[in-house]
Amino acid sequence: MQIAYWIVAALLAIVYLYSGAVKIVRSPEKLQPMMGWVASTPLAAVRAIGVVEVLGVLGLILPPLTGVATWLALAAAIGLVLVQIGGITVHLARGEARVIGFNVALLVLAGVEVWLATVWL
């Protein structure tokens, strides 16, 4: 179960480190072509989502790696589930149902990670 945890954590880390870092550092003009919702969202909220994604990755990796506060891995996985629920909600509200496939895949992976994170409790 620990091997499965690390595999899923690595997949989520790749996606969320990139996605979160992009939201934190890029201008809204550069984000908009790949994230249309940015135009109607305050920049502070976009940056906050990016920070939450990066913190989620840190929560998945550091506590189990160090053995300190390992319950944070479960909290981080739950947080990433909530991020994807929010993303799917935004896409559906904008009439972008055709683009939620990746969000659904990430939601499933994060949900599996919630279950796998129980190995650290």
Helix 43-66 vs. the chain, principal-axis angle (Cα, 0 to 90°, nearest 10): 10 degrees
Simple Cβ-charge dipole of the chain, Lys/Arg +1 and Asp/Glu -1, about Cα centre, in debye nearest 20: 240 debye
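Please compute the per residue accessible area over the chain with all protein chains in place, 1.4 Å probe, rounded to a whole number of Å². Numbers along the way, then the final one.
Numbers: 6520 Å² over 121 residues.
Computed with neighbouring chains in place, this is 54 Å² per residue.
How do 69-79, 101-111 rank on mean C-beta neighbours within 10 Å, highest first? Show your work: numbers first, answer last.
Values: 69-79: 19.5, 101-111: 16.0.
Sorting 69-79, 101-111 by mean packing, highest first, produces 69-79, 101-111.
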Centroid-to-centroid separation of segment 12-78 and segment 94-121 [C-alpha atoms, Å]: 14 Å
Computed accessible area, residue 1, all protein chains, 1.4 angstrom probe, square angstrom: 100 Å²
Protein accessible area in segment 1-75, 1.4 Å probe - carbon and sulfur %: 75 percent
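Relative contact order of segment 32-106: what whole-number percent is it, with Cα pairs under 8 angstrom and at least 6 residues apart? Don't skip to the answer; put the middle values down first.
Numbers: 43 pairs, mean separation 17.8, N = 75.
Result for segment 32-106 is 24 percent.
The values are calculated or read from the model by the stated rules, or taken from the named source; none is laboratory data. Note that this is a predicted model, so its numbers are computed, not measured. Heads up, the Cβs are rebuilt from the backbone with ideal geometry, glycines too, and the neighbour counts pull from every protein chain shown. Ligands, DNA and RNA are stripped out before the accessible areas are found, and what is left, the full protein with its side chains, is counted by its heavy atoms. Shrake-Rupley method; radii C 1.70, N 1.55, O 1.52, S 1.80 Å.
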